[in-house]
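**Q** Pasting a structure below so you can have a look.
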Amino acid sequence: MRRRRSPAYVFGILALSALLTACGTSSASSASAAPSFKGKTVAIIDNFSAGGTNDLLQRLIAKYLPQYLPGHPTVIVKDMPGAGGDIGTNYVYRSKPDGLTLGGLSDPTWPYLLKNSGVHYKLDGFNWIGAVADSNVIYVAKSTGVTNVSGLMHSNAKWVFGGLSPSSSFDLGMRAILGTLGVKYKYVTGYPGPSQEIQAFRSGEDNIELEGASGYEALIAPMVQENLATPVVQEGIWNAQGKDAADPAVAQLNLPTVWDAVTSALGHTPSGSYANLLKWVLQSNNLTRAEVLPPGTPAPIVSAYRTAFSKVMTSSAFMAAAKKELGGAPSYNSGDKVLPIIKSLSTALSSHPKTASLLATLSKNK
Amino acid sequence: MRDLSAVWSGLVIVFGWPTIIYLLLGVGAGMLIGLSVGLSGLTGLALLLPFAFGRKPADAFALLLGMYSVTTLTDVIPAVLMGIPGTTGAQALVLDGYAMARKGMAGRALGATFTADVLASVFGSVVFMLAIPLAAAVIGFFGSPEFFMLAMLGVSMVGGLSGRSLPKGLIVAALGLLLATVGTSPETATARFTFGSAYLLNGIPLVPAVLGLFGLVEVLKLARSGERIATDRLAVSVGVSQGIRDALHSWWLILRASALGSILGMIPGLGGPVTEWMGFGHAVQSEKNSEGIGSGDVRGLLGAESAIVAHKPTALVPTVAFGLPANASMALLLGAFLIVGLKTGPSMLTTNLNLSYSLVWMVVLANIVAALLALALAKQLARIATIRPGILVPVMLVLLVVGSVTATGTMGDVVVMLAFGCLGLVLDRYDWPRPPIVLGLILGKIAEPYLAISVNRYGWHWIYRPVVVVLFVIILAGLVATAKRFRRRPGEAYAMGGGGTSEDTREEGLHIPTGGKTG
């Protein structure tokens, strides 16, 4: 006996499925905003894909965080990739401020500064728990014979830099360095990801690249061992004293920081729009892994998280695990220390119109 | 000699205690993940990665690779039995697998696919062992122009996915390529066709699109017909041994598709779905009497499955040897290397060579164990096809919705699934092929950035590069073969889209190998 199902039947089940799924995905945010998290599940939102450096860091934090939060909740990591990280960041910004959803966001600063169309958040609107700093290591093809920034500046090599996207902090950082030095280079961009970029480097398609310091051991070290690449300088992290400090994640390399190396190569302190842009990049390195709560989160919850994160980041067990599993101990600043940097970057574009114009030009690959 | 000793030592590592237990646990987890619509090896690796913390390297990799290796084995089950791809790597399996299930040959389809899994994983692993010394040279040949030409090679296979009409296939493939341009321009970072939606800035996600285009269409058709997928309870489960014989008869096709998958696996950035479609396209282009492939021919299943299974072990080559992840799953595995305190690169080929070979043994053993388990359960699993639609349809709809939201975790995924479901219904209703859309959607995202980079980096001189020329010749030969095929059989009908569309297509198109090489 053949029985036909009406379209209403099918779409009714579909709607029910969608509703149940929606309830399932948002159940964490329906809990109360009490400062005790006993019996609750806290979700850390990673705005990039599983397996990336940020994902690994957030998973490590999720392992140690429960013991320092009131009520010892379960902490999970949810990856919410897309739109260069904007989807996950927007999600956290409009999440219920009950302390059950927080962002472990990778680099929300540059999409905000560039006013990307997908940005529906304010950088200083978040409640900042703190931030883990991360920077990049710049490396060149061994065949160029260049070993330092001065050599890079004076080399006759035809430099080719391969990037991810004109508006990524990755591309902007390298272009700021090369622009400050006055080095001529060919810029090709649009590689789908870091591994494709490294593939391009291996095939000789480009000869100057940069990679996250925390990914150095996994991605760059093999090429150094094979005599394909030479690391020449690290970006470093701009500290509260106005200095470009070395990134502890690559302490073993003893590389100079880029601001000092460029100053030495030029013979004077860098200035001008490219130098301003470079300084912003170095400042933003403080905020690379942003640990944030949604706007409107009650102060006791923010305080509980700041205390818990500080304890995690200074615990010897976490530091040892981070050194082993991430390749280096993270450099962490609590919310009160990063707020001045956020405010400075938030107003940077309006106070430096020429640099803002340069940034707009570079980010559109004009 | 030293390498042979390392190969043996690698096997000893896998059978060590408790490594073998971790491998079996990983296999169990992988089989469940493959069965779960929307979840993939990538999701499984993300879920299991925390278990690597504090484990010995061999134990951690046994767990992770045991899981990762077998998701492509069980993802065939929902594809064959319900017309829903279990992962994005099971799209092409829907075409022939589901059509076979509707003809009452679900058991045969499963038997053939599981056998191909074992053969292809062994082949891919042998290639891994042989390729390690040559990999650096092979990888060094592939720059952006070569990636663009590989994407074009995939596009050139559209003829094999076009069903009865090449023009229709080309138009649908062009639509897929156009849809691939939705999102942020890779070269200028400008938003295109996003209509102000942040969701679309990253482009159309593949998982919900594929689930809508294939899964939703088949579910709606099943609900509308009110008939069971297969009516003969006995027939669906008796063909497992025949399926095994089919696979063994088609060993030459499995070998060729595995070779193709092995090579594509080593090249970073192409991924499983491209490899699977190329394997399927190769079966269509190279097999005699291939008009039934796509509507219930076991050779379509074998070509697609062999390619994707063989690509998994060779994807380990650039990851292990150079720290260069071939795909997103390998990027996660790279994280596992750090977690257990190992460095990828030359040391994996010298001081840790034994462990490197043990990884390959893990892939082979995991596939053998999983295939034996799956074959033992195939008869029972095949009976899913005989469940009443009143029970099966709601379950399938829930699976589709839950599977869709694995893409970004937002309701936008459900909207994409529904939109592609509607598009699929229209195409199916008017007898237009659906697979070329997926091909265009996948390959457009590879072709566009690499063409732009090639022109930007080399001008038009890139067309003279040796590998580009070789790939161009292969593409041309494929196109000529396709044109001949269509000229030889003008208007000959066979379905291409996810299961028989009419009574007559359900009666034809089943290829039964008669022995020896089928190529």
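**Q** Give me Rg/Rg_expected for region B:43-174, where Rg uses Cα atoms only and Rg_expected = 2.2 N^0.38 Å with N residues. Show your work: numbers first, answer last.
**A** On the way: Rg = 19.0 Å, N = 132, 2.2 N^0.38 = 14.1 Å.
For region B:43-174, the normalised Cα radius of gyration is 1.35.
**Q** Given B:LEU150, B:SER241, B:GLY212, which one lies farthest toward the positive end of the charge dipole of chain B, if we put +1 on the Cβ of every Lys and Arg and -1 on the Cβ of every Asp and Glu?
**A** B:SER241
**Q** Okay, moving on. Summing Lys, Arg as +1 and Asp, Glu as -1, what charge do residues with Cβ under 10 Å from the Cβ of B:PRO145 carry, B:PRO145 excluded? Show your work: numbers first, answer last.
**A** Working: positive: B:ARG457, B:ARG465; negative: A:GLU205, B:GLU146.
With Lys, Arg at +1 and Asp, Glu at -1, the net is 0.
**Q** Related question: Over region B:217-350, one equal point on each Cα, no solvent: what is log10 I(q)/I(0) by the Debye formula at q = 0.12 Å⁻¹?
**A** Values returned for q = 0.12 Å⁻¹ are -0.65.
**Q** Along region B:139-155, what does the Karplus equation 6.51 cos²θ - 1.76 cosθ + 1.60 (θ = phi - 60°) give for ³J(HN,Hα), rounded to whole Hz, x for Gly and Pro?
**A** Couplings: 5, x, 7, 9, x, 4, x, 5, 5, 4, 5, 5, 5, 5, 4, x, 4 Hz.
**Q** Whenever you get a sec, compute what percent of the accessible area on region B:10-88 sits on carbon and sulfur atoms (1.4 Å probe).
**A** Details: 1730 of 2230 Å².
The value for region B:10-88 is 78 percent carbon and sulfur by accessible area.
**Q** Give me the residues in region A:80-103 whose solvent-accessible area, probe 1.4 Å, is reduced by at least 40 Å² once all protein chains are included instead of the chain isolated.
**A** Residues losing area: A:ALA83, A:ILE87.
**Q** Same structure again: Checking buried surface per residue: for region B:306-334, which residues lose a minimum of 10 Å² accessible area in the protein assembly relative to the chain alone (1.4 Å probe)?
**A** B:PHE322, B:GLY323, B:LEU324, B:PRO325, B:ALA331, B:LEU332, B:LEU334
**Q** Just want to confirm a number: the relative contact order over region B:74-191, from Cα pairs under 8 angstrom separated by 6+ residues, in percent.
**A** On the way: 73 pairs, mean separation 13.4, N = 118.
For region B:74-191, the relative contact order is 11 percent.
**Q** What's the magnitude of the charge dipole for the protein assembly as shown around its Cα centre, counting Lys and Arg as +1 and Asp and Glu as -1 at the beta-carbon? Answer in Debye, nearest 20. Please report the intermediate quantities before stating the final value.
**A** Numbers: 65 positive and 48 negative charges, 242 e Å.
With Lys and Arg at +1 and Asp and Glu at -1, about 1160 debye.
**Q** Also: Could you size up the charge dipole of chain A around its Cα centre, putting +1 on the beta carbon of Lys and Arg and -1 on that of Asp and Glu, and report it in debye to the nearest 20?
**A** On the way: 31 positive and 23 negative charges, 252 e Å.
Roughly 1200 debye for chain A.
**Q** Seen from all sides and averaged, what is the projected area of the convex hull of the Cα atoms in region A:126-175, in nm²?
**A** Working: hull surface 21.1 nm².
Averaged projected hull area, Cα only: 5.3 nm².
**Q** In region B:351-402, carbon and sulfur make up what percent of the accessible area (probe 1.4 Å)?
**A** Numbers: 1430 of 1910 Å².
Carbon-and-sulfur percentage of accessible area, whole number: 75.
**Q** Let me ask another. When the solvent-accessible surface of protein heavy atoms is calculated with a 1.4 angstrom probe, in what order do B:PHE322, A:PHE48 fall, highest first? Numbers along the way, then the final one.
**A** Working: B:PHE322 10, A:PHE48 85 Å².
If we order B:PHE322, A:PHE48 from most to least accessible, we get A:PHE48, B:PHE322.
**Q** Let me ask something additional. For region A:51-178, calculate the relative contact order in percent as a whole number, restricting contacts to Cα pairs under 8 Å that are 6 or more residues apart. Don't skip to the answer; put the middle values down first.
**A** Working: 71 pairs, mean separation 20.9, N = 128.
Relative contact order of region A:51-178: 16 percent.
**Q** Compute the Cα gyration tensor for region A:233-349, then decide on rounded, prolate or oblate, letting a ≥ b ≥ c be the square roots of its eigenvalues: rounded whenever a/c is under 1.5, prolate when a/b is larger than b/c in the other cases, and oblate in all that remain. Please report the intermediate quantities before stating the final value.
**A** Numbers: a/c = 3.25, a/b = 1.36, b/c = 2.39.
Oblate.
**Q** Another question about this same structure. Shape verdict for chain B, please, from the Cα gyration tensor: rounded (a/c under 1.5), prolate (a/b greater than b/c) or oblate. Numbers along the way, then the final one.
**A** Numbers: a/c = 1.41, a/b = 1.17, b/c = 1.20.
Since a/c stays below 1.5, the shape of chain B is classed as rounded.
**Q** Moving to a separate point now. For region B:395-423, which residues drop by 40 square angstrom or more in accessible area between the chain on its own and all protein chains together (1.4 Å probe)?
**A** Flagged in region B:395-423: B:LEU397, B:VAL401, B:THR408, B:MET411.
**Q** For chain B, with only Lys/Arg (+1) and Asp/Glu (-1) charged at the beta-carbon, what is the dipole magnitude about the Cα centre, in debye rounded to 20? Please report the intermediate quantities before stating the final value.
**A** Numbers: 34 positive and 25 negative charges, 66 e Å.
So the dipole magnitude of chain B works out to roughly 320 debye.
**Q** To the nearest 500 deg cm²/dmol, what mean residue ellipticity at 222 nm is calculated for chain B from DSSP H runs of n ≥ 4 alone, each contributing -39,500 (n - 2.57), summed and divided by the residues? Before the final figure, lay out the partial values.
**A** Numbers: 24 runs with 349 residues, N = 519.
Rounded to the nearest 500, the figure is -22000 deg cm²/dmol.
**Q** While we're here: Keeping all protein chains in position, work out how much accessible area B:TYR458 exposes to a 1.4 Å probe, and write it in Å² to the nearest 10.
**A** Rounded to the nearest 10, the figure is 40 Å².
**Q** Considering the options A:ALA290, A:VAL42, A:LEU164, tell which one lies farthest towards the positive end of the dipole of chain A, charges being +1 on Lys and Arg and -1 on Asp and Glu at the Cβ, about the Cα centre.
**A** Highest projection toward the positive end goes to A:VAL42.
**Q** Give the interface area between chains A and B as buried accessible surface, both sides summed, probe 1.4 Å, in Å² to the nearest 100. Don't skip to the answer; put the middle values down first.
**A** Working: alone 16540 and 19950 Å², together 31050 Å².
In total, chains A and B hide about 5400 Å² from solvent.
**Q** I've got another one for you. Given just the C-alpha atoms of region A:176-215, how large is their convex hull per residue in cubic angstrom?
**A** Details: hull volume 3.5 nm³, N = 40.
Here the figure is 87 Å³ per residue.
**Q** Need one word for region A:255-322: rounded, prolate or oblate. Basis is the Cα gyration tensor (sqrt eigenvalues a ≥ b ≥ c); a/c below 1.5 gives rounded, then a/b vs b/c decides.
**A** Working: a/c = 4.75, a/b = 1.90, b/c = 2.49.
Because a/c hits 1.5 or more and a/b fails to exceed b/c, region A:255-322 counts as oblate.
**Q** Once amide H atoms are placed 1.01 Å from N in the peptide plane, what residues at a sequence separation of 5 or more from A:MET80, or on another chain, have their amide H within under 5 Å of its amide H?
**A** Under 5 Å from the amide H of A:MET80 lie the amide H atoms of A:ASP46, A:ASN47, A:PHE48, each far enough along the sequence or on another chain.
**Q** Can I ask one more? Name the residue farthest towards the positive end of the dipole of region A:206-251 from the options A:ALA245, A:MET223, A:LEU210, assuming +1 on Cβ of Lys and Arg, -1 on Cβ of Asp and Glu, about the Cα centre.
**A** Among A:ALA245, A:MET223, A:LEU210, the one farthest towards the positive end of the dipole of region A:206-251 is A:ALA245.
**Q** On the full set of protein chains, 1.4 Å probe, figure out the accessible area of A:ASP124 and give it in Å² to the nearest 10.
**A** Counting only protein heavy atoms, A:ASP124 exposes about 70 Å² to solvent.
**Q** Among the aspartates and glutamates, which have Cα under 12 Å from the Cα of A:LYS364 when same-chain residues fewer than 8 positions away are ignored?
**A** List returned: A:ASP171, B:GLU187.
**Q** On a straight-distance basis, which aspartates and glutamates could pair with B:LYS484 in a cross-link, Cα separation under 15 angstrom, same-chain partners fewer than 8 positions away excluded?
**A** B:GLU287, B:GLU291, B:GLU492
**Q** If one computes the Cα centroid of region B:375-428 and of region B:319-360, what distance in Å separates the two points?
**A** Cα centroid of region B:375-428 versus Cα centroid of region B:319-360: 36 Å apart.
**Q** Karplus couplings for region B:188-197 from phi (6.51 cos²θ - 1.76 cosθ + 1.60, θ = phi - 60°), rounded to Hz, Gly and Pro as x?
**A** Listing the rounded values in order: 10, 6, 8, 6, 10, 6, 9, 6, x, 8 Hz.
**Q** Taking every pair of Cα atoms in the protein assembly as shown, average 1/r, invert it to obtain the Kirkwood radius, and report Rg/Rh to two decimals. Please report the intermediate quantities before stating the final value.
**A** Working: Rg = 26.9 Å, Rh = 27.9 Å.
Ratio value, two decimals: 0.96.
**Q** Which whole-number value in Å² is the accessible area per residue of the protein assembly as shown, probe 1.4 Å?
**A** Working: 31050 Å² over 885 residues.
Heavy-atom accessible area per residue stands at 35 Å².
**Q** For chain A, which whole percent of the accessible surface, found with a 1.4 angstrom probe, sits on carbon and sulfur atoms? Walk me through the intermediate numbers first.
**A** Numbers: 7720 of 13810 Å².
That share works out to 56 percent.
**Q** Sorted by accessible area with a 1.4 angstrom probe, largest first, how do B:ARG224, B:ARG388, B:ARG192 fall? It would help to have the intermediate numbers written out before the result.
**A** Values: B:ARG224 140, B:ARG388 100, B:ARG192 55 Å².
Sorted by accessible area, descending: B:ARG224, B:ARG388, B:ARG192.
**Q** For A:GLU211, A:GLU226, give the ranking by accessible area with the largest first, probe 1.4 Å.
**A** Values: A:GLU211 20, A:GLU226 55 Å².
Accessible-area ranking of A:GLU211, A:GLU226, largest first: A:GLU226, A:GLU211.
**Q** Turning to a different aspect of this structure: Helix-only estimate, please: 222 nm mean residue ellipticity of chain A, summing -39500 (n - 2.57) across DSSP H runs of length 4 or more and dividing by its residues, to the nearest 500.
**A** Values: 14 runs with 153 residues, N = 366.
Using -39500 (n - 2.57) per qualifying helix, the result is -12500 deg cm²/dmol.
**Q** In sequence order, what are the phi-derived ³J(HN,Hα) couplings for region B:413-420 according to the Karplus relation 6.51 cos²θ - 1.76 cosθ + 1.60 with θ = phi - 60°, rounded to whole Hz, with x for glycine and proline?
**A** 4, 5, 4, 4, 4, 5, 4, 6
**Q** With every protein chain left in place and a probe of 1.4 Å, what is the accessible surface of B:LEU332, to the nearest 10 Å²?
**A** Result for B:LEU332: roughly 0 Å² accessible.
The values are calculated or read from the model by the stated rules, or taken from the named source; none is laboratory data. Keep in mind that what you see is a predicted model, and the values were worked out from it rather than measured. Because the Cβ atoms are built from the backbone with ideal geometry, glycine has one as well, and the counts that use them run over all protein chains shown. When the accessible area is computed, the model is the full protein with side chains, heavy atoms only, and any ligands, DNA or RNA have been set aside. Shrake-Rupley method; radii C 1.70, N 1.55, O 1.52, S 1.80 Å.
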